[in-house]
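Notes follow once the structure below has been shown.
Each value in this text was obtained by applying a stated rule to the coordinates, not by laboratory testing. Everything numeric in this text was worked out from a predicted model, so none of it was measured. Cβ atoms come from the backbone with ideal geometry, glycine included; neighbour counts cover every protein chain shown.
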Amino acid sequence: MTGELPPLAVAAVLTLVLAACAGGEPVDETAVTSSLPPQTGAALANRLSVIEVAVAAWADATSIEAAHIAAESAANLVVGPNGPHYGDRNRDGVISGETDKGLLPGMDGTPEGLALAASSNPCVAQDVLGGSWGDPRAAWDEMLFAIDAWEPGNNTMPSLQSHPMRVVGWATFTLGSDSLEMAHEYAGHARLHVDISERALDC
């Protein structure tokens, strides 16, 4: 396993984009950074690119149902099969963003996540991983606490150093909302955090 999404999973996300936003530009999924081993850099860049596609679909969704599908996909691609709330979060019978390995480690550290292999890059360690993963459950608990404490007038997302975790937060708020306007606003926040995560690869 390389940690990259299998072709069918990538196709499913790209199909989502075509359904939820018309005329989107193709995403370069072949980027490899000079500061990481080629295979590690390619797998991480590929995953971030697919998350970016999902967030773009979320931002351009024409219905709350489409926004929920895209937000679920983005969250699942970050947390992976052993991460918190992975699965069919919108209860439509489909796991959008289904994958065998998350961007971040699972609750018990397995699978280890694509970003952990790139922790030698200081920007990935800081902005993507958000610090030490010696205790994965504690890291995820910090995210879950911030999500639970969040309110429209009390934005707790800046307390999370991991920008992909903030994507999960905004996805969670979208999945809990029936407002397409709010879903688009939350997608705007998520897009900023995907951008920061992708820039970390070039550190």
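Here are the numbers for this structure:
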| item | result |
| --- | --- |
| Gyration tensor verdict on region 136-203 (Cα atoms; rounded if a/c is under 1.5, prolate if a/b is larger than b/c, oblate otherwise) | oblate |
| Computed label-point distance, nm, for sites Glu65 and Phe145 using a 7 Å Cα→Cβ extension | 3.9 nm |
| Relative packing of peptides 68-81, 189-202 - highest average C-beta neighbours within 10 Å first | 68-81, 189-202 |
